[in-house]
Every structure is written in C-alpha cells, then in structure tokens.
1. Measure off, as a whole percent, the carbon and sulfur share of the 1.4 Å-probe accessible area of the chain, all protein chains present.
2. So what are the radius of gyration and Dmax for the Cα set of the range 319-404, in Å?
3. Tell me, what does the Kirkwood hydrodynamic radius of the range 105-159 come to in angstroms if you use every pair of distinct C-alpha atoms?
4. Report the antiparallel proportion of the DSSP beta bridges in the chain as a percent, rounded to a multiple of 5.
5. Beta carbons within 10 angstrom, averaged per residue: use that to sort the peptides 344-354, 182-192, highest first.
6. Can you give the log10 of the normalised intensity I(q)/I(0) at q = 0.23 Å⁻¹, computed with Debye over equal Cα scatterers of the range 132-243?
7. I need to check one value: relative contact order of the chain, counting alpha carbon pairs closer than 8 Å and at least 6 residues apart, in percent.
8. Relative contact order for the range 1-66: what is it in percent, counting Cα pairs under 8 Å that are at least 6 residues apart?
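The values are calculated or read from the model by the stated rules, or taken from the named source; none is laboratory data. Quick caveat, the model's predicted, so the values are computed rather than measured. All Cβ positions, even for glycine, are placed from backbone atoms using ideal geometry, and neighbour counts span all protein chains on display. What goes into the accessible areas is simple: the full protein's heavy atoms, side chains included, and nothing from ligands, DNA or RNA. Shrake-Rupley method; radii C 1.70, N 1.55, O 1.52, S 1.80 Å.
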Amino acid sequence: MTDLSILRGKHIVLGITGGIAAYKSAMLTRLFVKAGAEVQVIMTPNAREFITPVTLSTLSGRPVITEFFSANTGEWHSHVDLGLWADAMIIAPATASTIAKMANGVADNMLVTSYLSTRGKVFVAPAMDLDMMVHPTTKRNIALLQSYGAEIIEATEGELASHLVGKGRMAEPAVIADAIASYFAHGCDLAGKKVLITAGPTYEKIDPVRFIGNYSTGKMGFAIANAAAARGADVVLVAGPVGNLSLDSRVRRIDVESACEMLASAESEFASADYTILSAAVADYRPAEVAEHKIKREKDKIPTLELIKNPDIAATLGTRKHDGQRLIGFALETDNETANAADKIHRKNLDMIVLNSLRDPGAGFGTDTNKITLMYADGRTADTYPLKSKADVADDIIDKMLTL
Ligand code: CTP
C-alpha cells in the first residue's frame, strides 16, 4: 500500500454515478480528505437516488455539483474550470451507462462533460451486475477508456445487489485510494519504454491428451504487466497456459504453450525491449518424442518417457543482451536460496533476480501475495521485503528495475 499522505494538496474530482456502491464513495471521500486532498464531488442525477449530496458535501467540505447551472442562483458550473483544476478524476462507482457515455463522448451531464475536459489522470472503478460486466459492449467501452489513458480499478467478485454472485462489486475505497496514491508516487515513469514479460507455466506435450507442466498460475507476471502498463510502458506479455486473469487492455498478449514457443515469441520481441522480466516457470525438459496418438495402457508394461533439454530462455536472451537492455529473472527456491539465486544471475547474465523462497508462507505459486528478495548483478546489497500483495510486489520490482 502506498502512503496516502502523497495525496496532500492534490485536487481530486470524484464522480459518483447511480449504483448501490455509491454509499462507499462517502468512505472514499473521507479517505481523500483525511490524507489532505481537496475533493470536488460531482454526482449524476441518478446517484442522488442512492446517497444524499448533503453527506458528500459535508464530508468533502464543498458543495456537490450535479447540474450545469445552480437552480437557485443561475450560476454556471464550469466543467472546463473543473477539468483544469483536477490533478486526478475518479469515477466511483462507474455504471455501465456512464462508462458507455465516457467512451463515446455523450456529454449530457456534468460528470461526463467534466471527464472530457479533464487533463489530469482519470481512474474508473466499475460496479455493475455480473452479466453487464462481461457483456461485450461493456468490455469494449472499458477497453476504449483504457486506450484513452484511463486506469481501470477492477471490480471484485462477491454477492451483488441482485443477490447473484460474481464479478461486479466496486473495489473497496482503500484499494481505490491506494491506486491513485500509487499513480502520484510513480507517475508514468515507464513512458516510452518497452517491457517484455514472460509468465505462467509451459506445457510440454507427451501425446494429444497429456503434458508435463507445473503449478505456476501466472499471477505474478500478470501483476507486473498490469503495473508496467499503468506506469506508461509499452508492455508485451508472453503467457503460457494460464486461467482467467485480468489484464490491462493496453498490454499486448502473446499466448504460447511450450518452452520452444515461448522462446520464439520472446526472441522476436527482445531486440526492441528496454526491460525484460522472465517470471515464467519454464519446463527444463520435454519429451524427446510426442506420440501422435494417445498412448494406451498396456497390461504388464510401464512406458518410459525419454526427456530432452528445453532451451533456457533467460540464458539465451542473456547472451544477446546489448548495452542499455536490462534482464530480470526469477528464482523460486526451496533451499540454499541466496547461493542458487546468485548463481542464476551469473549463469544467465541477469541484472537483477527476484528470489522467492517456498519456505515463506504466502509466497510462490497460486497465492495473491508474495515475499521477495531482490539481488543484483552490480554487487549492491540485496533488498528483502515483507509479505505483500502481488500488485504491490510488482511495483517494488519495477521501482528497483528503474535503478539498474
Ligand atoms: N528460465 C527460462 N528458461 C528456462 C528455465 C528458466 O527462461 N528453460 C528462467 C525463468 O523464467 C527464471 C529463471 O530462468 O527467470 C530461473 O528459473 P529456474 O527454473 O529457477 O532456473 P533453472 O535454470 O531451471 O534452475 P533450477 O531448475 O535448477 O533451479
């Protein structure tokens, strides 16, 4: 979590739309104000059905704006001035309807007009029912907003207002405030840089129905890809077979299955990459031959699988690395952690390695948290971090990567 005090003195426009999660926006306002930010709330007419402007004007210390003109005085509320005033705008909750209007410039209320006038960073925290969330229309509109530079603060899974259970709950106020604080802490410090990432396991085919694989889920690599995209990088993610993980739509994703395919894709992207982060758990060996047909069970006979070596992607790229390129590897170890990781830095010509110990609870495959030690080729002292969310670990890795 980023220290929220970075929000002190920042001008934040908080747009609230008509969703049940609007009550959480009161807590969000409180977090911003407590951190020392100045908050201007804009509500859509529907939002006022869910939470009263009095609550929000009291918490923010400023009158809430809904209409283009003040009903009492006829005073014009200038969306242009608001757009210039805002260091950041956050729409939370953002309904499907407001997301659609924002993506298409339908400026029929004060919130969308202000969005179109905002020069600062825009954040969107969607909240809606699960079927609306996965509808191609919503997905397209969210991707459009991302392509225009907005950062989407993903909805989470849980029970929704409809009592259906699925993805659509607005992110918690603390998560939203953290994303905004993180933006002010890092800015777009990877703008203009290309970051290549490998993630997930590889599957090495035995026959049409079987493979050799491992327990890697790709969560760490995807978190790094999302963090790098949020920090302005041009990100290419070469992903092995992983489940459904959320990915920033600005990331270019190449899906592969085997180590050989992963190497081919990584090699073709590597020459133009400024930073390459190899988080994939690549199988070291593959079957010498792939059976064309399913291998059948035979009575009294146990088949033997002959294995051959897979290419080492990290080591291959390490030999091609030119001045100015930085190569970062991972080491997941169970014993002699530091010595093994130091050996990998040397063998693979890495600049930095992210060491995970499977002896640390909460670290490694499948978890949403990780505990890392960063070790460097230039001989500086290693950095050891406490257990954190993979999103926060991703930012720590990028922070140190930028010092290489
Ligand atoms: N790696 C790779 N290609 C491989 C094997 C590993 O690119 N064929 C990369 C991983 O993505 C990771 C680093 O090398 O960044 C270390 O991976 P690891 O499996 O720990 O290293 P190995 O060299 O396979 O060593 P060992 O299995 O003996 O620990």
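1. Values: 10020 of 19060 Å².
Result for the chain: 53 percent of the exposed heavy-atom area is carbon or sulfur.
2. Rg, Dmax (Cα atoms, Å): 12.6, 38.
3. 12.4 Å
4. Working: 21 of 64 bridges.
Taking every DSSP beta bridge with both residues in the chain, the antiparallel ones total about 35 percent.
5. Averaged packing, sorted descending, gives the order 344-354, 182-192.
6. -1.31
7. Numbers: 876 pairs, mean separation 44.1, N = 404.
Relative contact order of the chain: 11 percent.
8. On the way: 107 pairs, mean separation 24.4, N = 66.
37 percent.
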